[in-house]
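No lab work stands behind these numbers, since they all come straight from the coordinates. Quick caveat, the model's predicted, so the values are computed rather than measured. So basically every Cβ, Gly included, is an ideal-geometry build from the backbone, and we count neighbours across all protein chains shown.
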Amino acid sequence: MADTVLYEVDHGLATITLNRPEAMNALNVAAKEALREAAESAATDTAVRAILLTAAGERAFCVGQDLKEHIGLLAEDRETGSGQVMSTVRRHYNPITRALAGAPKPVVAAVNGVAAGAGLGFALAADYRLVADTAAFNTAFAGVALTADSGISWTLPRVVGPGRAADLLLFPRNIGAREALELGIATRVVPAADLRAEAERTARALAEGPTVAYAAIKEAMVYGLSHSLDETLEKEDELQTRAGASEDHTIAVDAFVNKRKPEYRGR
């Protein structure tokens, strides 16, 4: 895996680190391919029970597309007529977003700085967003005459509401950490100096938790957003039956009755 993205697994926690701090963690082709590989590996590896998405440096989580590389690729496209440059949504952004949002395990984003464009999209694909008090968010797309990608047209209206999402997409601006918390973009805001330690603590706690139940919770919430109450109740019954049959559930009940901390196994 390229050094533009670092990937490690330790005691059930996969940590994915965007590693281009000199470029504000902008996504060139190498970084997008490495991030796709890391996200898909973490999502499908049964040894991974939680995912932490973070970034190197202090200025930026990820400012989205590397526009310096992008403008050169646009020029090549004009010469060759290949149209390859905009296929990055299909080849990179869509698989990354699907892997993060659809992972059957909790995903924590530790947003250390500016998250713009696809950087915002990947943060919104996470289940839990820990945000440094110095961080900021920006949809950015309309500012470069593009539409939303990386799932933002799906995630952002569900987080902030359709009206607010339209405002933020049509009139891109920086959203500070406190406003992001009020809007629901940030789950929790912490001092910048504490972000990494707090994010690791949170992600490790989730990795040690009942991950079969967590996967069912994620599936139920996504299902409920696009189905009727009756359909959702049926889905809850299906998922609860699955969770109730898990070894983790037996462990949890036994630990509760015997007044001790459960040690979950993720099955």
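Odds and ends about this structure:
- Scalar couplings 3J(HN,Hα) for segment 244-250, obtained by applying the Karplus form with A = 6.51, B = -1.76, C = 1.60 to θ = phi - 60°, are x, 8, 6, 5, 4, 5, 4 Hz; x denotes Gly and Pro.
- Rel. contact order, % - alpha carbon contacts under 8 angstrom, at least six apart, the chain: 16
- Under 5 Å, built H, 5+ apart or other chain: amide partners of Phe61: Asn112, Gly113, Val114, Ala115
- Positive-pole candidate from Leu181, Thr147, Ala203, dipole of segment 75-217, charges at beta carbon: Ala203
- In this simple spin-label model, placing a label point 7 Å from the Cα along the Cα-to-Cβ direction at both Val9 and Glu40 gives a separation of 1.6 nm.
- Amide H to amide H, with H built 1.01 Å from N, Ala50 comes under 5 Å of Ala14, counting only residues 5 or more places away or on other chains.
- R0 of 45 Å, Cβ-Cβ distance Val222-Arg78: FRET efficiency to nearest 0.05: 0.70
- Each residue of segment 210-219 was assigned a 3J(HN,Hα) from its phi angle through the Karplus expression (A = 6.51, B = -1.76, C = 1.60, θ = phi - 60°), giving x, 5, 5, 5, 4, 4, 5, 4, 4, 5 Hz with x at Gly and Pro.
- At an R0 of 51 angstrom, the distance between the Cβ atoms of Ala145 and Arg201 translates into a FRET efficiency of 0.80.
- Other-chain or far-sequence residues with amide H under 5 Å of Arg173's (modelled H): Thr139, Ala140
- Dipole magnitude for the chain: computed about the Cα centre from +1 point charges on Lys and Arg Cβ and -1 point charges on Asp and Glu Cβ, it is near 320 debye.
- Relative frequency of Cα-Cα separations exceeding 35 Å in the chain, percent: 18
- Dipole magnitude for segment 119-228: computed about the Cα centre from +1 point charges on Lys and Arg Cβ and -1 point charges on Asp and Glu Cβ, it is near 60 debye.
- Of the GluC sites (Glu not before Pro) found in segment 164-267, the ones in coil according to DSSP and having at most 15 other Cβ atoms within 10 Å of their Cβ are Glu263.
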